[in-house]
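The values are calculated or read from the model by the stated rules, or taken from the named source; none is laboratory data. Quick caveat: nothing in here was measured; it's all calculated off a predicted structure. Note that we place each Cβ from the backbone using ideal geometry, even for glycine, and neighbour counts take in every protein chain shown. In case anyone asks, the SASA skips ligands and DNA or RNA and just uses the protein heavy atoms, side chains included. Shrake-Rupley method; radii C 1.70, N 1.55, O 1.52, S 1.80 Å.
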Amino acid sequence: MSAWNDPPGGFHPVSTPDYLPRPQLLAIQLQRLQSTVARAYDRVPLFRSRMEDRKLSPASIRSLADIGKLPFTVKADLRDTYPFGLFASPMEEIVRLHASSGTTGKPIVVAYTQSDLDVWTEVMVRSFAACGIHRGDVVQNAYGYGLFTGGLGMHYGGEALGATVIPISGGNTERQLMVMQDFGVTALCCTPSYFLYLLESAKEMKIDFSRLRVGVFGAEPWSEAMRDRIQAESGIRAHDIYGLSEIIGPGVGIECSHQHGLHVFEDHFYPEIIDPDTGEVLPDGGEGELVLTTLSKQAMPMIRYRTRDVTSIMAEPCECGRTLRRIRRIGRRSDDMLIIRGVNVFPSQVETALLRVEGTLPHYQIVLTREKGLDQMEVKVEVTPEVFSDEIRKLEALQQQLESTIENILGLRVKVTLVQPRSLPRSEGKARRVSDLRNV
Ligand code: DLL
């Protein structure tokens, strides 16, 4: 790691794997793909049975193109094998667990060996370096610490780079701004929407953070227009960082100084783009769903994981000289997952919560708005006619019960509004449960 710890000026990017000649990179990918497939086949019953169904064995993978023969893995597989069914390492070798939203009441669980954590730290070091962050920088990490991968993933990367990391975690805007000003913060890690909120609050509080130079923003989609606004209003460089728990966490891909597509750390993650309807692999440049295969993960190898994120591969070389291919910024998903203040939410989770509480009808509507750049989520829920005629005290108790049940499942506090029976719009076809007013 010494090359990445060098002080500014002495930094030698050419010694990172970001600049490997493509043939060398492809050889590493093939060798790692073969050992990943062998590991998954030997140790994970679900992968083995799916491969056997297709009359495949690890020996069937002779070239990188052979990856197309392998079955996909989807989020439901993590749910169905909850909590530990996809682990390929014994518990004694697993040193960390994280979790992310599932589609119902239970989260999905992901595991790391020490070697997996080392890989994660390495890709985060390479991500920070690509954003121009180095030793001597003061990095405020406002991603949530805990089961969410944002906090700890960024944290260890920042420390290994040699930067000064402030593990402030999310929330408490006034304290964030005070720290930013008083500690001379030069780099900030948080969701882009939270940064907009910080900007607004800083203006109101007349806080000066002129030393801030770089933002490492991700965990939710954000547009080029939003970047322009952030950069113009704050004078910083705003970099997009992508990742997901199932694959590792933040650090799957990052924008370099050219801010034109995210370089994927292809020596650890193998990207493909498929047509979400047919599963057919699309050529470079075609827009579709990103599918990722881990190439070095031990505790939880993922074979052809369907991310549901829609993007395309940009195969043309980047001016920065990195040989890692890029993906376009992710603007949308091919499923109904919502991202509210960086938290993943499936409407089906809200439904699960409502079904746990008596007195409500399974008619609900999720309304999303944005106030001062911060996402707000309201759930309108129809109550039964009996409950509706109850006294106000009982209705208030029901509303509070719903808010805490939803918070338990989503990990997010939302506003619940009880409405009269039959007052929400009904649709004849597919129910339209989400009204997204964030960008209108
Ligand atoms: O959000 C990991 C992360 C933390 C990434 C901090 C970047 C920064 P999950 O909670 O598992 O992991 O959510 C993963 O969030 O499949 C995308 O839909 C979305 N997402 C993550 N980064 C971006 C991004 C983390 N830069 C899901 N642009 C992914 C758009 C993003 N969507």
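Other residues lying with their Cβ under 12 Å from the Cβ of Thr369 contribute a combined charge of 0, Lys and Arg counting +1, Asp and Glu -1. Element breakdown for region 295-390 at a 1.4 angstrom probe: carbon and sulfur atoms account for 47% of the accessible area. When the Cα convex hull of region 338-436 is projected onto planes of every orientation, the mean area is 6.4 nm².
Could you compute the net charge surrounding Thr113? Neighbours are other residues with a C-beta less than 13 Å from the C-beta of Thr113; K and R count +1, D and E count -1. For residues surrounding Thr113, the net value is 0. The count of lysine pairs in the chain whose Cα atoms are under 29 Å apart, excluding pairs fewer than 8 places apart on the same chain, comes to 24. Amide H contacts for Arg341 (H built 1.01 Å from N in the peptide plane; partners 5 or more residues away or on another chain; cut-off under 5 Å): Asp375. Taking Asp390, Asp375, Asp309 as the candidate residues, the one with maximal mean-square fluctuation in a Gaussian network model of the chain, Cα springs under 10 Å, is Asp390. For region 129-143, 3J(HN,Hα) computed residue by residue from phi via the Karplus equation (6.51, -1.76, 1.60; θ = phi - 60°) reads 4, 5, 8, x, 8, 8, 3, x, 6, 10, 9, 8, 9, 9, 6 Hz, glycine and proline entered as x. Less than 5 angstrom separates the built amide H of Val416 from those of Val379, all sequence-distant by 5 or more or on a different chain. Net charge dipole, the chain: roughly 260 debye, given to the nearest 20, about the Cα centre with Cβ charges of +1 for Lys and Arg and -1 for Asp and Glu. Computed over the chain, the quotient of the alpha carbon radius of gyration and 2.2 N^0.38 Å is 1.02.
Annotation: Met300 carries an accessible surface of approximately 0 Å², with a 1.4 Å probe and no ligand, DNA or RNA atoms counted. Which whole-number percentage describes the relative contact order of the chain, with Cα contacts under 8 Å and a sequence gap of 6 or more? Here the relative contact order equals 14 percent. Diffusion coefficient of region 116-254 by Stokes-Einstein, Kirkwood radius over Cα pairs, 10 °C, 1.306 mPa s: 108 µm²/s.
Local charge for Ser201 was computed over the other residues whose Cβ lies under 10 Å away, with Lys and Arg +1 and Asp and Glu -1, and equals -1.
Packing order of peptides 251-260, 323-332, highest average first: 251-260, 323-332 (average count of other Cβ atoms within 10 Å over each peptide's residues).
Across all directions, the average projected area of the convex hull around the alpha carbons of region 270-372 is 10.9 nm². Among 211-217, 192-198, sorting by the average number of other beta carbon atoms lying within 10 angstrom of each residue, highest first, gives 192-198, 211-217. Positive-end ranking of Ile28, Gly253, Thr16 along the dipole of the chain, with charges on Cβ about the Cα centre, is headed by Ile28. Rank Gly157, Leu244, Met51 by how far each Cα sits towards the positive end of the charge dipole of the chain (+1 on Lys, Arg Cβ; -1 on Asp, Glu Cβ) and give me just the farthest. My answer, from the dipole projection, is Met51. Dipole size of region 310-390 about its Cα centre, with +1 on Lys/Arg Cβ and -1 on Asp/Glu Cβ: approximately 840 debye, rounded to the nearest 20. Protection proxy ranking for 229-236, 363-370, using the average of other Cβ atoms within 10 Å per residue and placing the highest first: 363-370, 229-236. Secondary-structure-derived ellipticity at 222 nm for the chain, considering helices only, amounts to -9500 deg cm²/dmol, per-run term -39500 (n - 2.57) for DSSP H runs with n ≥ 4.
Taking amide H atoms as placed 1.01 Å from N in the peptide plane, the amide H of Val434 lies under 5 Å from those of Ile366, each 5 or more residues away in sequence or on another chain. The distance linking region 192-221 with region 70-135 is 28 Å (Cα centroid to Cα centroid, whole angstrom). Legend: P(r) of region 215-347 from all alpha carbon pair distances, 10 Å bins from 0, whole percents, reading 12, 42, 36, 9, 1.
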